[in-house]
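K.L.:
Submitted below is the structure of interest, expressed as structure tokens.
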Amino acid sequence: MKKVLLLALTMLLASKTSLAIVNNPDKYGNTSPTKTTAQVQDISLDGKWRFIADSTDYSQGLPANVQTVTVPQTYNVMPGLEEYAGRTWYERSLPITKAMKGHQLRLQFEAVYHDATVYT
């Protein structure tokens with residue numbers, strides 16, 4: 001099963017992105033980096049993402065005619081977007097497998113400059 005991840009960002013996505021699979025949460029479903037019992041497997045989401053710089057509401061999915069960019073990425077270095085300060089959209093499929101069922105999943109962005117809204 002693949003899940004589509006769609007992000008609405010107001011500035012940029014310029015650092016590593018990952019999906020963490022938490023294998024051993026406590027009895028309440030919580031994990032903590034300081035707990036020695038928690039085991040976390042990180043899956044990098046860096047690489048190819050679909051992208052558009054447009055303030056239109058694409059929360060239901062991006063249109064077919066968008067660019068592909070490689071994340072980590074800063075859109076302000078792209079031709080024509082040097083001064084752009086509106087909403088941008090990034091979309092990709094997540095590698096969700098049957099083995100992940102029943103595990104807590106955490107999405108981590110090492111750098112989103114301003115605001116981010118995540119749609120699944």
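K.L.:
Carbon and sulfur together cover what percent of the accessible area of the range 46-87 at a 1.4 Å probe radius?
P.N.:
About 50 percent, which is the carbon plus sulfur part of the accessible surface.
K.L.:
Count charges around P63 for me, please; just the other residues with Cβ under 11 Å from its Cβ, Lys/Arg as +1, Asp/Glu as -1.
P.N.:
The answer is -1.
K.L.:
Which GluC sites (Glu not before Pro) does the range 39-117 hold that lie in a coil by DSSP with at most 15 other beta carbons within 10 Å?
P.N.:
Passing sites in the range 39-117 are E82, E83, E110.
K.L.:
For L94, which sequence-distant residues (separation of 5 or more, or a different chain) have an amide H within less than 5 Å of its own amide H, given hydrogens modelled in the peptide plane?
P.N.:
Excluding prolines and chain starts, which carry no amide H, the hits are K3, V4, L5.
The values are calculated or read from the model by the stated rules, or taken from the named source; none is laboratory data. This structure is a prediction, so every number in the text was calculated from the model and none was measured. With ideal geometry, Cβ positions are generated from the backbone for all residues, glycine too; neighbour counts draw on all protein chains shown. Calculation scope for accessible area: heavy atoms of the full protein, side chains included, ligands and nucleic acids excluded. Shrake-Rupley method; radii C 1.70, N 1.55, O 1.52, S 1.80 Å.
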